[in-house]
Amino acid sequence: MSGGLGLEQRYRRVLRLLPGYYRDKWEEDMVAAFLDSWHSGDPDDDEWALEFCKPTWGEVGSVAALAARLYLGGAATPRRYFAWGQAVRNAVLAVVLVHAVLVLDVLVRTAWSRRVFGLPAPPASLAVYAPTGVWPTVFYLAHVAWMVIFVTLVLGQYRTARVLAVLAIVPGLVALAQAQLTGIMTAPFGPWAFWVLFNLVPVLGMTAFHSDAPPPARLPWLTALPVGYLLVYGPLLAAQATGNAAWLPDFSGLLCILVAFACLVRVPRAWSRRAAGSGVWSLTLILLAAAAGAYRVITLSNYLHDPHLIAVCLAELVILVAAAALVAPDAARAQAAAPAPPYPGTIAA
């Protein structure tokens, strides 16, 4: 805190982290409670504390955590905070779902490689075998943990999901740091962009899951895991197994296509004034489009040697931006400053 300010002013500066509607109602009470905690009964000590002391790091951290919870609000918050909270929760679930689908793909291909299904051995490009050694095993377990994280998050076990998610992203961070120091990007870990956008950001976004927020709709989200795998990775596996992998987009392109398709599916409802609550999902899709678009832009550097692939990547990006623009007005309407509507116990769809 800057010098020349009394303890009360320092607390008020910290409380500026909170949304205005909450600060207007509770700032005086919070300041009084904070100041009261410094009272020792000795007038000289109290005067010295009011003049020279400052909020503790624990107090600053608690206010920051409260601010994050309020900005990503629940049903009792103003509409803009409720909409952002719902959009972040939906986006986090969608990204964790992508991780879970990737895990399911690994498990299916591992079972296929071991001929669990009674099928012929898969092509070498699709075969997956159990990891050997400590480090590959740690990565494998961290990867598989995302399915558990997804299920626990959908079932409302938020603290368990957050702890597991933090543990799951550590091996990737260690590998990336090692690659940064040695100049070698060790497989199978992705670059920093993937780790930040699709590992770190979702973990931070789990702050939006709290007791004041509507819980996720369990059945639709849990159903989305097998359905998403069959609709997305079923055709991809078929193309790879038949030697047509060259026609497939890379992971960045696949994300752009999926988000763009979701935006186009949402358009009729987003443009219908009778579709109450659609703005939350439109705002969710804008967040997902921003993440997918950023990753597509960053990964363009992988194809600088091939003008054709650069053109394909740019086309994917243009399609994504155009599709997102169609739902952007509805996403903006979702942030109207009005009380959030009552919820039936599930995240708005």
Expected single match for in contact (Cβ under 8 Å) with a residue 60 or more places away in the chain, surrounded by fewer than 16 Cβ atoms within 10 Å (Cβ to Cβ) and either part of a helix (DSSP H, G or I) or on the phi < 0 side of the Ramachandran plot (or both) among ALA111, ALA83, ALA76, ALA91 is ALA76
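I'd like to verify a number: residues in region 50-73 that are open to solvent by less than 80 Å² (accessible area, probe 1.4 Å) and either over 15 Å from ARG10 (Cβ atoms) or part of a helix (DSSP H, G or I) (or both), how many?
So in region 50-73, the residues open to solvent by less than 80 Å² (accessible area, probe 1.4 Å) come out as 50, 53, 55-56, 58-68, 70, 72-73.
Remaining after also requiring either over 15 Å from ARG10 (Cβ atoms) or part of a helix (DSSP H, G or I) (or both): 50, 58-68, 70, 72-73.
Total meeting the criteria: 15.
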Of (1) modelled with pLDDT under 80; (2) of a type in the set (S, T, N, Q); (3) part of a helix (DSSP H, G or I), SER125 fails just (3)
Count - residues of region 128-154 that are among the aliphatic types (A, V, I, L, M), open to solvent by less than 50 Å² (accessible area, probe 1.4 Å) and in a loop (DSSP other than H, G, I, E, B): 1
Residues of region 199-219 classified as in a helix (DSSP H, G or I), within 17 Å of VAL95 (Cα to Cα) and of a type outside the set (Ser, Thr, Tyr), total: 10
Could you grab me the full set of residues in region 7-49 that are outside any loop (DSSP other than H, G, I, E, B) and among the basic types (Lys, Arg)? ARG10, ARG12, ARG13, ARG23, LYS25
Just one of the numbered conditions (1) surrounded by 14 or more Cβ atoms within 10 Å (Cβ to Cβ); (2) at pLDDT 90 or above; (3) not acidic (Asp, Glu) is not true of VAL232; which one? (2)
I'd like the full set of residues that are assigned to a helix (DSSP H, G or I), under 30 Å from THR223 (Cβ atoms) and modelled with pLDDT under 85, limited to region 155-196. none
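Closer than 27 Å to MET206 by Cα and either modelled with pLDDT under 85 or not acidic (Asp, Glu) (or both), is that true of GLY3? First the steps, then the outcome.
Details: closer than 27 Å to MET206 by Cα: no; either modelled with pLDDT under 85 or not acidic (Asp, Glu) (or both): yes.
Considered against the rule, which asks whether it is closer than 27 Å to MET206 by Cα and either modelled with pLDDT under 85 or not acidic (Asp, Glu) (or both), GLY3 comes out as no.
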Looking at LEU237, LEU285, LEU254, which one is open to solvent by less than 50 Å² (accessible area, probe 1.4 Å), at pLDDT 95 or above and either under 24 Å from LEU104 (Cβ atoms) or among the aromatic types (Phe, Trp, Tyr) (or both)? LEU285
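The values are calculated or read from the model by the stated rules, or taken from the named source; none is laboratory data. Since this is a predicted model, take the numbers as computed values, not measurements. Using ideal geometry, Cβ is built from the backbone for each residue, glycine included, and neighbour counts are taken over all protein chains shown. These accessible areas exclude ligands, DNA and RNA; they are computed on the full protein's heavy atoms, side chains included. Shrake-Rupley method; radii C 1.70, N 1.55, O 1.52, S 1.80 Å.
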